[in-house]
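Student: Could you have a look at this structure, given as C-alpha cells, before my questions?
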C-alpha cells in the first residue's frame with residue numbers, strides 16, 4: 001500500500017496531473033467570467049500546461065497567477081482584437097440565420113462559416129505564443145499566423161479540440177460540469193503536446209540569437225525579437 005502512495009508511482013503522478021489540470025480549468029473558467037481578464041486567463045492556462053508537459057511545474061497556482069500578471073496587458077489587447085474579428089462574421093451569420101432561416105442562400109452561410117474558420121485558423125495560436133514568447137502585439141499575431149500555416153492539419157486539429165467541448169456543453173447540458181472541470185485545460189494540454197517540439201526549436205533559435213535566459217530561470221519568456229517591450 002505504501003508503494004501505491006509513493007510520489008514516484010506513475011498512477012499517483014497521473015492523478016496529480018489530472019488534479020493540476022482540473023485546478024487550471026476552474027481558475028480559467030472563473031477568470032474568463034469578467035471577460036476583460038479572459039485573455040490573461042487563457043494565456044496563463046497555456047503557460048502552465050506547457051510547464052506540466054515539460055515536467056517543469058512547481059506550484060500550479062503560483063505559476064498561473066505569475067503568468068496572468070505578467071501577460072495581462074498584452075493578452076487583454078490580443079483578446080479584444082480576436083473577439084472583434086470573430087464577432088463580425090459570427091454576428092452576420094446569426095442575423096442571416098434568424099432573418100431568413102432555411103431560406104438563407106447556402107453560399108452566404110458557407111462564406112460566413114468559412115470566414116469564422118479563417119479567423120479561428122489565424123488566431124488559434126495567439127495565446128500559446130503569448131504565453132511563451134515576449135514580443136509586440138503585431139509580431140505575436142504574425143508569429144502565430146506563421147506557426148499556424150507551418151502545419152495546417154495540426155492547426156485544424158487544435159481548433160477542433162478547442163471548440164468541441166463548448167459545442168458539447170451547448171448541445172448537452174449534462175456535459176456542462178465536465179466543461180467546467182476539464183473543457184478548457186484538457187484541450188490546451190493536448191494542443192501543447194502537438195506544438196511543444198516546434199516551440200522548443202523556436203526557443204533554441206531565440207536563445208542562440210539573443211542569448212536570453214534558459215528555460216527554468218527567473219525570466220522564462222523567450223524574446224523572439226530584439227525588443228524587450230510588449231506594446
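The values are calculated or read from the model by the stated rules, or taken from the named source; none is laboratory data. Please read all numbers here as calculations on a predicted model, not as lab measurements. Methodologically, a virtual Cβ is constructed for each residue, glycine included, from the backbone with ideal geometry; neighbour enumeration extends over all protein chains shown.
Student: So the check is Cβ under 9 Å with 6+ separation or different chains; which pairs have a first residue in the stretch 154-165 that's touching a residue at least 40 places away in the same chain (Cβ under 8 Å) and a second one that's surrounded by 17 or more Cβ atoms within 10 Å (Cβ to Cβ) and outside any helix (DSSP H, G or I)?
Tutor: 159/124
Student: Does at least one position in the stretch 47-57 carry a residue that is surrounded by 12 or more Cβ atoms within 10 Å (Cβ to Cβ) and over 19 Å from residue 187 (Cβ atoms)? Outline the logic, then answer.
Tutor: Residues of the stretch 47-57 that are surrounded by 12 or more Cβ atoms within 10 Å (Cβ to Cβ), as a first pass: 47-54, 56-57.
Subsequent filtering for residues that are over 19 Å from residue 187 (Cβ atoms) retains 56.
Yes, the conditions are met somewhere in the stretch 47-57.
Student: Is there a residue being in contact with a helix residue (DSSP H, G or I) (Cβ under 7 Å, 6 or more places away or on another chain), modelled with pLDDT of 95 or more and more than 24 Å from residue 157 (Cβ to Cβ) anywhere in the stretch 87-109?
Tutor: no
Student: Name the residues in the stretch 90-143 that are loosely packed, with under 12 Cβ neighbours inside 10 Å and under 29 Å from residue 73 (Cβ atoms), would you?
Tutor: Of everything in the stretch 90-143, those that are loosely packed, with under 12 Cβ neighbours inside 10 Å and under 29 Å from residue 73 (Cβ atoms) turn out to be 91, 138.
Student: Please state which one of 76, 43 is within 18 Å of residue 130 (Cα to Cα), surrounded by 15 or more Cβ atoms within 10 Å (Cβ to Cβ) and touching a residue at least 60 places away in the same chain (Cβ under 8 Å). Can you show your working first?
Tutor: Details: 76 fails: touching a residue at least 60 places away in the same chain (Cβ under 8 Å).
Within the list 76, 43, the selection yields 43.
Student: Can you confirm whether the stretch 211-227 contains a residue that is modelled with pLDDT of 95 or more, more than 16 Å from the chain's Cα centre (by Cα) and farther than 25 Å from residue 56 by Cβ?
Tutor: So in the stretch 211-227, the residues modelled with pLDDT of 95 or more come out as none.
No - not one qualifying residue is present in the stretch 211-227.
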